[in-house]
Amino acid sequence: MTVETTVPEDRKSQLLALREIWPHVHALIDEERALGCDADENRDDFGASQQGGRGESYVAAQQARPEARIAGIRGLMNLVVGSTAVDRPVVLDLLGGDGLLHRVCLGLDMPDTTIVTCDASAFMVARAWAAGIPAVLQRAQRQVFHSGSVDGVLLAYGSHHVPEPERQAVADEAWRVLRPGGRFVIHDFAEGSPMAVWFQEVVDKESDTGHRYAHFTADWMRECLARSGFRSVTTNLMFDPIMVTGTSEHEAQAALGQYLLQMYGLHKLVRAHGEQGAARAAFELAREIFRWEPSTSFDDMGDHVSDCVVERMGPSKWQCILPRFALVAVGEKQ
Ligand SMILES: C[S@@+](CC[C@H](N)C(=O)[O-])C[C@H]1O[C@@H](n2cnc3c(N)ncnc32)[C@H](O)[C@@H]1O
């Protein structure tokens, strides 16, 4: 559904708009909690650049290439709603940003599922509303939904941003807001993985925000979920590539470089090399870092590509695939 009225910018008008346009989502919200909740005002890496964030360039990357991460998003949605028998399931996307998952899922074959974009950044929530996607301002550690109200909860694409001492609170809150039978899925790029190396060696050095966060491990995910009460917890690796296309092999590589520059706000690379040179440098760095050895501690890497490759899709269509494998834990509330 597209919101055509004026964009609601503050929390109160966002709740009013939600009540009007998405009443079945609004009914799940505890308004008192919602009006009392705080935006992430201490440090907001995903806020506006004027406030020291990289929000604009992150959003630009998602809006330019919303399909780039569709494979992983589809996999996550299968895990969180699975074969649920619930009519019109509601899933909270706790690190929802500007609503990418909501937007991508509109194109997947899951017409009755409502993905609710939640985020601690007032900037991101406003950008979601501006793009016609209803969003809720909340920190994952203190959610504004009623207990036992939702069918699925997803913590993905940024779980390492939750401060370590507060990660248990996120799992506890997921347990609280889920109805019995609902699932909580945690997704992160594991400590020591090429993605964690990318953050440490490239994003931390070449972005203005820096990036020093401890990534999850499989044990950490399992313990968090078990302590909150989730049973039969599973952890797996999931293929979660970035895939972009271009009209030639070179264009497809340049498109990947450009996507990485924007998504990770690699402004220092741009200042040093100019836009085109920086895109090339970002692509080369990624090609170097994202090499998977078949002997990882997980044996379920399937037959996916393990290096950055460019494949020909048609006479003038090439696809560049950056292989990423994410760690994913799933717990069900009994
Ligand atoms: C990497 S972005 C992911 C956005 C979107 N899901 C995507 O894949 O493009 C991570 C998002 O998590 C949000 N975030 C970080 N810590 C959070 C927290 N504790 N609670 C809620 N949102 C948080 C940030 O504001 C940011 O928008």
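The values are calculated or read from the model by the stated rules, or taken from the named source; none is laboratory data. Not measured: the values here are computed from a predicted model. Because the Cβ atoms are built from the backbone with ideal geometry, glycine has one as well, and the counts that use them run over all protein chains shown. Areas reflect the complete protein model, heavy atoms only, side chains present, ligands, DNA and RNA absent. Shrake-Rupley method; radii C 1.70, N 1.55, O 1.52, S 1.80 Å.
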task = Show the residue pairs that are 6+ apart or on different chains and have beta-carbon atoms under 8 Å apart, the first residue being within segment 169-180 and without any contact (Cβ under 8 Å) to a residue 40 or more places away in the chain and aliphatic (A, V, I, L, M), the second being within 13 Å of the ligand (Cβ to nearest atom) and open to solvent by 50 Å² or more (accessible area, probe 1.4 Å).
result = 169/142
message = Among the listed residues 285, 260, 237, identify the single one that is in contact with a Leu (Cβ under 9 Å, 6 or more places away or on another chain) and closer than 19 Å to residue 54 by Cα.
response = 260
note = Here the qualifying pairs (Cβ atoms under 9 Å; residues six or more apart or on different chains; first in segment 147-165 and free of Cβ contacts under 8 Å to residues at least 12 places away in the same chain; second more than 9 Å from the ligand (Cβ to nearest atom) and open to solvent by 10 Å² or more (accessible area, probe 1.4 Å)) come out as 163/213
key: Matching entry among 223, 275 (being more than 18 Å from residue 156 (Cα to Cα) and part of a helix (DSSP H, G or I))   = 275
ask   = If you check residue 127 against the conditions, is it open to solvent by 10 Å² or more (accessible area, probe 1.4 Å), within 13 Å of the ligand (Cβ to nearest atom) and touching a strand residue (DSSP E or B) at 6+ places or on another chain (Cβ under 9 Å)?
value = yes
task = Please specify each residue of segment 21-48 satisfying the condition of being of a type outside the set (Val, Ile, Thr), touching a residue at least 40 places away in the same chain (Cβ under 8 Å) and either in a loop (DSSP other than H, G, I, E, B) or more than 19 Å from residue 94 (Cα to Cα) (or both).
result = 22, 28, 30, 37, 38, 39, 40, 44, 45, 46, 47, 48
query = Scanning segment 161-188 for residues that are within 11 Å of the ligand (Cβ to nearest atom) and of a type in the set (A, V, I, L, M, F, W, C), which turns out surrounded by the fewest Cβ atoms within 10 Å (Cβ to Cβ)?
reply = 169
query = Taking into account only those residues within segment 75-90 that are closer than 16 Å to residue 329 by Cα and among the β-branched types (Val, Ile, Thr), which is most open to solvent (accessible area, probe 1.4 Å)?
reply = 81
message = Being within 15 Å of the ligand (Cβ to nearest atom), at pLDDT 95 or above and surrounded by fewer than 22 Cβ atoms within 10 Å (Cβ to Cβ) is true for just one of 72, 152, 97, 158. Which residue is that?
response = 158
